[in-house]
Structure formats: C-alpha cells, structure tokens
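Just so it is clear, none of the values below were taken in a lab; they were calculated from the coordinates. Bear in mind the structure is a predicted one, so any value in this text is a computation, not a measurement. All Cβ positions, even for glycine, are placed from backbone atoms using ideal geometry, and neighbour counts span all protein chains on display.
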Amino acid sequence: MTTLAQETVKYSEQEEKLFRELDKGIDDMEQGNTMSHEEAMRQIRERLLKENAI
C-alpha cells in the first residue's frame, strides 16, 4: 500500500472515530446527561494533571 493510501485510511479511521464520539455526545445530550461548562473544564484539567503527573 502506498504512503498516500495509508494516510487516507488513517484519516478515514480518525474521521469515523470522531463521528462516533459526536454521535455519543448527541445521544447523551438528548437523554439529559449534560454538565455545566465549568464542571466539564474542571474534569478536563483534573484529567490532564493526572496524565502529566510524574
């Protein structure tokens, strides 16, 4: 497989994953599973701190 073909497959797989995650988020929103922006950002900061902890 050529490099261009490999990159195209990789891009396609990433795009599919993105759309699956967006669909999941929309489903959550329709079910009322939401949180405030502040809470979301707190969770993101907490996760980043854990991932980058040494």
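What nm value, rounded to one decimal, do you get for the distance between Leu22 and Leu48 when each label is placed 7 Å out toward the C-beta?
2.3
Looking at Ile44, Tyr11, Ile26, which one has the Cα that reaches farthest to the positive end of the dipole of the chain (charges on Cβ: Lys, Arg +1; Asp, Glu -1)?
It is Ile44.
What number, rounded to the nearest 500 deg cm²/dmol, is the helix-based mean residue ellipticity at 222 nm of the chain, given -39500 (n - 2.57) per DSSP H run of at least four residues and division by all its residues?
Details: 2 runs with 43 residues, N = 54.
After summing the helix terms and dividing by the residues of the chain, the value is -27500 deg cm²/dmol.
Using a Debye calculation, one point per C-alpha and no hydration shell, please list log10 I(q)/I(0) for the chain at q = 0.17, 0.27 Å⁻¹ in order.
-0.79, -0.97
Tell me, what HN-Hα J-couplings in whole Hz come from the Karplus equation 6.51 cos²θ - 1.76 cosθ + 1.60 at θ = phi - 60° for each residue of region 11-26, using x for Gly and Pro?
4, 4, 5, 5, 5, 4, 4, 4, 5, 4, 5, 5, 4, 4, x, 5
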